[in-house]
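Visitor: Quick one: the structure is below, and I'll ask about it shortly.
The values are calculated or read from the model by the stated rules, or taken from the named source; none is laboratory data. Predicted model, so just to flag it, every value in this text is computed and none were measured. Note that we place each Cβ from the backbone using ideal geometry, even for glycine, and neighbour counts take in every protein chain shown. Please note that ligands, DNA and RNA were not included when accessible areas were found on the heavy atoms of the full protein model with its side chains. Shrake-Rupley method; radii C 1.70, N 1.55, O 1.52, S 1.80 Å.
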Amino acid sequence: MITPSMMPRQAPALVAAREQAAAARALAAAVARDEVLNAEEAAVRAEGFALRDAGPASPGVLLRPYQSLMDRAGWRTRITEVEGRGLLESVHPSGALVLVTAALDRGNRVHRYVLHAGGRKTPSWRQVNREGLEYFARYRTLGHGCCAHVVQPLCRCGKRRYPSEARAKKSLLDIMLNKELRRGRRATETRVYRCPDDDRVWHITSIKRWRPQEAGTP
């Protein structure tokens with residue numbers, strides 16, 4: 001009869017490697033599922049970032065701590081990087097938004113913005129410090145003493161401004177329904193895009209093709 005003591009023991013390094021691989025697979029499945037991570041999955045991603053980001057600075061490296069923060073709070077988060085600039089966007093099921101920007105050519109400066117879910121009235125972006133962002137990530141509101149102020153839009157293109165992609169798309173749908181169903185004519189507006197001068201602003205356009213200058217600026 002074979003007893004547990006007679007079975008060959010696996011090396012600790014092999015066991016650890018298999019556990020890390022299993023955790024990595026679980027994390028990949030969570031990201032593919034809906035990008036909303038549980039506490040264990042968020043910890044795995046944070047640990048992976050710490051190992052990967054030990055090299056030279058990049059916008060992504062500056063934004064990783066905020067991605068880990070939003071992961072742990074249950075937000076859906078994504079990071080985009082373009083030519084030395086980085087943008088982190090987090091969305092909560094309630095409609096609240098978080099935007100964090102980083103740019104290497106500006107002394108590695110990081111700016112943090114939050115947007116309440118709002119109701120009938122269109123909300124305004126507020127710039128906050130690290131503590132204010134942590135509080136907002138957890139409670140989706142700004143607590144007493146949080147350093148926050150309304151930021152003035154940098155957009156000067158003269159178009160109507162929307163504070164988020166979702167609100168711009170909703171307005172686009174309303175325009176299309178109003179013109180095509182009520183007025184009997186085809187709407188010329190076709191899509192939304194982020195303002196090239198202000199990441200916190202979205203516009204509606206009738207131009208079908210994307211233009212490079214629409215990429216946004218942290």
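Visitor: Of everything in the stretch 65-104, what is touching a residue at least 12 places away in the same chain (Cβ under 8 Å) and of a type in the set (D, E)? Give them in sequence order.
Guide: D71, E81, E89
Visitor: Moving to a separate point now. Check the stretch 77-87 and report whether any residue there is open to solvent by less than 50 Å² (accessible area, probe 1.4 Å), at pLDDT 65 or above, of a type in the set (A, V, I, L, M) and under 30 Å from D198 (Cα atoms).
Guide: yes
Visitor: Here's something else I'd like to know. Here's a check for you: in the stretch 117-130, which residue that is open to solvent by 20 Å² or more (accessible area, probe 1.4 Å) and not in a loop (DSSP other than H, G, I, E, B) is farthest from P163 (Cα to Cα)?
Guide: R130
Visitor: Do we find a residue being open to solvent by 20 Å² or more (accessible area, probe 1.4 Å), modelled with pLDDT of 80 or more and either small (G, A, S) or not in a helix (DSSP H, G or I) (or both) anywhere in the stretch 35-45?
Guide: Residues of the stretch 35-45 that are open to solvent by 20 Å² or more (accessible area, probe 1.4 Å), as a first pass: 35-36, 38-41, 43-45.
Next, from what is left, pick out any that are modelled with pLDDT of 80 or more: none.
No: the stretch 35-45 contains no residue that is open to solvent by 20 Å² or more (accessible area, probe 1.4 Å), modelled with pLDDT of 80 or more and either small (G, A, S) or not in a helix (DSSP H, G or I) (or both).
Visitor: Taking the stated definitions as given, is L133 open to solvent by less than 70 Å² (accessible area, probe 1.4 Å), of a type in the set (A, V, I, L, M, F, W, C), touching a residue at least 24 places away in the same chain (Cβ under 8 Å) and assigned to a loop (DSSP other than H, G, I, E, B)? Reasoning before the result, please.
Guide: Numbers: open to solvent by less than 70 Å² (accessible area, probe 1.4 Å): yes; of a type in the set (A, V, I, L, M, F, W, C): yes; touching a residue at least 24 places away in the same chain (Cβ under 8 Å): yes; assigned to a loop (DSSP other than H, G, I, E, B): no.
Taking the combined requirement at face value, the residue does not satisfy it.
Visitor: A further question on this structure: Just give me the residues in the stretch 136-153 being touching a residue at least 12 places away in the same chain (Cβ under 8 Å) and over 14 Å from R200 (Cα atoms), in sequence order. Walk me through it before giving the result.
Guide: In the first step, residues of the stretch 136-153 are kept if they are touching a residue at least 12 places away in the same chain (Cβ under 8 Å); the result is 136-138, 140-142, 146-151, 153.
Answer for the stretch 136-153, where residues must be touching a residue at least 12 places away in the same chain (Cβ under 8 Å) and over 14 Å from R200 (Cα atoms): F136, A137, R138, R140, T141, L142, C146, C147, A148, H149.
Visitor: When residues of the stretch 144-160 are filtered for being in contact with a helix residue (DSSP H, G or I) (Cβ under 9 Å, 6 or more places away or on another chain) and either surrounded by 13 or more Cβ atoms within 10 Å (Cβ to Cβ) or not in a loop (DSSP other than H, G, I, E, B) (or both), how many remain? Explain how you work it out, then say what you get.
Guide: Narrowing the stretch 144-160 to residues in contact with a helix residue (DSSP H, G or I) (Cβ under 9 Å, 6 or more places away or on another chain): 145-148, 160.
Applying the additional criterion that residues be either surrounded by 13 or more Cβ atoms within 10 Å (Cβ to Cβ) or not in a loop (DSSP other than H, G, I, E, B) (or both) yields 146, 148.
Residues flagged as in contact with a helix residue (DSSP H, G or I) (Cβ under 9 Å, 6 or more places away or on another chain) and either surrounded by 13 or more Cβ atoms within 10 Å (Cβ to Cβ) or not in a loop (DSSP other than H, G, I, E, B) (or both) within the stretch 144-160 amount to 2.
Visitor: To continue, here is another question. Can you name the number of the only condition in (1) hydrophobic (A, V, I, L, M, F, W, C); (2) closer than 22 Å to W202 by Cα; (3) open to solvent by 70 Å² or more (accessible area, probe 1.4 Å); (4) touching a helix residue (DSSP H, G or I) at 6+ places or on another chain (Cβ under 8 Å) that V114 fails?
Guide: (3)
Visitor: Scanning the stretch 152-177 for residues that are over 19 Å from G95 (Cβ atoms) and among the aliphatic types (A, V, I, L, M), which turns out nearest to the chain's Cα centre (by Cα)?
Guide: Only one residue fits best here, namely L154.
Visitor: Does R186 satisfy the criteria of being under 18 Å from K208 (Cα atoms), of a type in the set (D, E, K, R), in a loop (DSSP other than H, G, I, E, B) and open to solvent by 80 Å² or more (accessible area, probe 1.4 Å)?
Guide: Working: under 18 Å from K208 (Cα atoms): yes; of a type in the set (D, E, K, R): yes; in a loop (DSSP other than H, G, I, E, B): yes; open to solvent by 80 Å² or more (accessible area, probe 1.4 Å): yes.
Here the answer is yes, as R186 does meet what is asked.
Visitor: Yes or no: N108 in contact with a helix residue (DSSP H, G or I) (Cβ under 7 Å, 6 or more places away or on another chain), over 14 Å from Q152 (Cα atoms), open to solvent by 30 Å² or more (accessible area, probe 1.4 Å) and not hydrophobic (A, V, I, L, M, F, W, C)?
Guide: yes
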